[in-house]
Amino acid sequence: MKYDYLVVGAGLFGSIFAYEANKAGKTVLVIDQRNHIGGNCYSEKFEDYDIHKYGPHIFHTSQKYIWDYINKFTAFNNFTLRNKAYYKNKLYSLPINLNTISQIYNVHTPKAAKEIIDKVKIPCENPDNLEDYILSLVGPDIYEILIKGYTTKQWGKDPKHLPPSIIKRLPIRFDYNDRYFPNLDIYEGIPVNGYTAIFEKMLLDIEVMLGIDYFSNRSYFDNMAKKVIYSGQIDKYFDYMHGDLEYRSLRHETILNEGDFQGTVLVNYTDSSIPYTRIIQHKHFLYNNNEKDIVTFEFPAKYKRGGEAYYPINDEINNNKYKLYKEEANKIDNLIIGGRLGNYRYYDMDMTIGNALSVVKKEFTDIVTEKKIYASRSINCS
C-alpha cells in the first residue's frame with residue numbers, strides 16, 4: 001500500500017487529521033469531490049476581502065486549546081457578530097435581549113422585561129416539541145416574530161413536529177448585551193487572510209487530489225492506504241443499508257451591489273412569506289469599506305440524495321438510524337469516521353476541531369496529551 005492514510009474530505013476534520021498524521025511522519029493522501037479544499041469553510045477572494053462561499057462562518061469558542069490550535073494557521077481580527085432579524089418591515093435585535101423585549105413590549109428595565117416575559121410565557125413542564133418549548137420560555141409574541149417562520153423555513157417542518165433540541169438553548173438576556181454567541185465563547189473572529197489560507201497551510205506538504213469521487217472507484221482508493229479517514233455522510237458510506245438519514249440543504253444566490261447593502265454582516269428574515277432565511281454582506285466581516293459589495297441570499301432547501309447535505313435533522317428516528325450506522329463503522333478496524341456528516345451532528349467549527357483533535361489523540365497517543373497543543377513546525381501566519 002502506498003499510503004498510511006487515505007483522507008476522504010478536505011474540510012476541517014480531514015485536513016486537521018492529515019496535517020497531524022503528516023507531522024507524525026505518516027504518508028497521507030487527501031481526496032475531495034469538490035474542486036477546492038476547505039469544505040464548507042472555503043472562502044474566495046474578491047478584490048480585498050473574502051466571500052464565504054457556503055454561508056457565513058464566524059469562528060467562536062470557549063476553549064483556549066482550540067483557539068490556540070487554529071491560531072497556528074492564521075491570525076484573526078476582532079470581529080464580533082451582532083445579528084438582526086427582519087419581520088414585517090421592522091428590524092429586531094438578536095439574540096433576545098432587553099432591546100428586543102423593549103421593541104416588542106415597550107418596557108425598558110430588566111425588572112419590567114422579566115415581569116412581561118413571566119406574564120406571557122405558556123408553562124409546559126416537559127415540552128416534547130420545539131413550539132411548546134419556545135412558548136414556555138418567551139410566550140407567543142417573540143415566538144411568532146423571531147422563531148416560528150425562520151425555523152419552519154430552515155427545517156422544512158412545522159415547529160410542532162421538531163424536537164426541542166433543534167434550538168438547544170435559547171438565550172434570553174435581560175440586559176443590552178447583543179453579542180450573538182454565548183458569553184462563555186470569549187474567543188471570536190474572522191481569519192484575516194480568509195479561511196482557505198488555513199487549509200493551504202494545513203495541507204502544504206500533503207498530496208491532495210481534487211474533483212475525485214471516492215465512491216466512483218472505492219475499492220481502488222481503499223487499497224491505496226492502510227486506513228481510511230472519512231468525513232462524508234455516514235449513510236452514504238454504507239450504501240444506505242439502514243435507510244437514508246435526513247438532512248437539510250441550502251442554496252445561495254449572490255449579487256454584486258454598489259455601496260452598502262444592509263450595513264451589517266447578517267440579517268435573519270423570520271417572516272415565513274420571504275423565501276430566504278438570511279442575507280450576508282461579506283465585506284463587513286473584515287470591516288471593509290470597498291464600494292463593491294458582494295451580497296448573498298441564503299435559501300433553505302430540501303435535501304435530495306446526491307445533493308449538498310448541510311444540517312442533520314437530529315430527531316429520534318434519525319438518531320436511532322445513525323446508531324445503526326455507527327455500529328457498522330465500529331466493526332471496521334481500518335476506518336475512522338468523523339466530522340459533522342460522519343458523526344451526524346451539528347458541529348460548529350470549534351466542535352469539529354475538537355472532534356478531529358480527539359481522534360488524533362487516540363490515533364497518535366505518543367504525540368498528544370489531553371487539551372495540550374502539539375509541538376509543531378513553525379507556521380508563518382502573515
If each part is reduced to its alpha-carbon centroid, the stretch 83-153 and the stretch 171-238 end up apart, in Å, by 33
With only helices counted (DSSP H, runs n ≥ 4, each -39500 (n - 2.57)), the per-residue ellipticity at 222 nm for the chain, to the nearest 500, works out to -7500 deg cm²/dmol
Averaged over all viewing directions, the convex hull of the alpha carbons in the stretch 83-166 casts a projected area in nm² of 5.6
By the mean-Cβ-within-10 Å protection proxy, highest first, 45-56, 141-152 rank as 141-152, 45-56
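Looking at the chain, send over the antiparallel percent of its DSSP beta bridges, to the nearest 5. Intermediate results must be reported in sequence, preceding the final value.
On the way: 33 of 53 bridges.
Restricted to the chain, the bridges split so that about 60 percent are antiparallel.
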Simple SL model, points at 7 angstrom along Cα→Cβ for K362 and D244; separation in nm is 2.9
Stretched fully, the stretch from Y176 through R251 gains (0.36 nm per residue minus C-alpha distance, one decimal, in nm) 23.7 nm
The Cα extents of the chain along the principal axes, largest first and rounded to whole Å, are 69, 48, 39
Counting only backbone N atoms under 19 Å from a point 7 Å out along Cα-to-Cβ of Y346, the residues of the stretch 270-290 in range are 270-272, 276-280
In degrees rounded to 10, the 0-90 angle between helix 316-330 Cα long axis and the longest Cα principal axis of the chain is 20
Rounded to 0.05, the calculated FRET efficiency for the beta carbons of T264 and H36 at R₀ = 25 Å is 0.35
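Which order do the peptides 290-298, 30-38 take when ranked by the mean count of other beta-carbon atoms within 10 Å per residue, highest first?
Details: 290-298: 17.2, 30-38: 19.8.
Top to bottom by mean Cβ count within 10 Å: 30-38, 290-298.
Using 0.36 nm per residue of separation minus the Cα-Cα distance, give me the extension gain between Y287 and A301 in nm, one decimal. Walk me through the numbers on the way to the answer.
Values: separation 14, 0.36 × 14 = 5.04 nm, distance 3.02 nm.
Difference between extended and current length: 2.0 nm.
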Highest mean packing first, using Cβ neighbours within 10 angstrom, the peptides 91-104, 255-268 sort as 91-104, 255-268
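Take the cross-link list K148/K236; K45/K362; K88/K119; K2/K323; K326/K361; K226/K323 and give me the ones stretching past 29 Å between alpha-carbons.
Numbers: K148/K236 32 Å; K45/K362 36 Å; K88/K119 25 Å; K2/K323 33 Å; K326/K361 20 Å; K226/K323 25 Å.
Violating the 29 Å Cα-Cα cut-off are K148/K236; K45/K362; K2/K323.
Readers should treat all values here as calculations from the given coordinates under stated rules, not as data from a laboratory. None of the values given here were measured: they were computed from a predicted structure. Cβ: placed from backbone, ideal geometry, glycine included. Neighbour counts: every protein chain shown.
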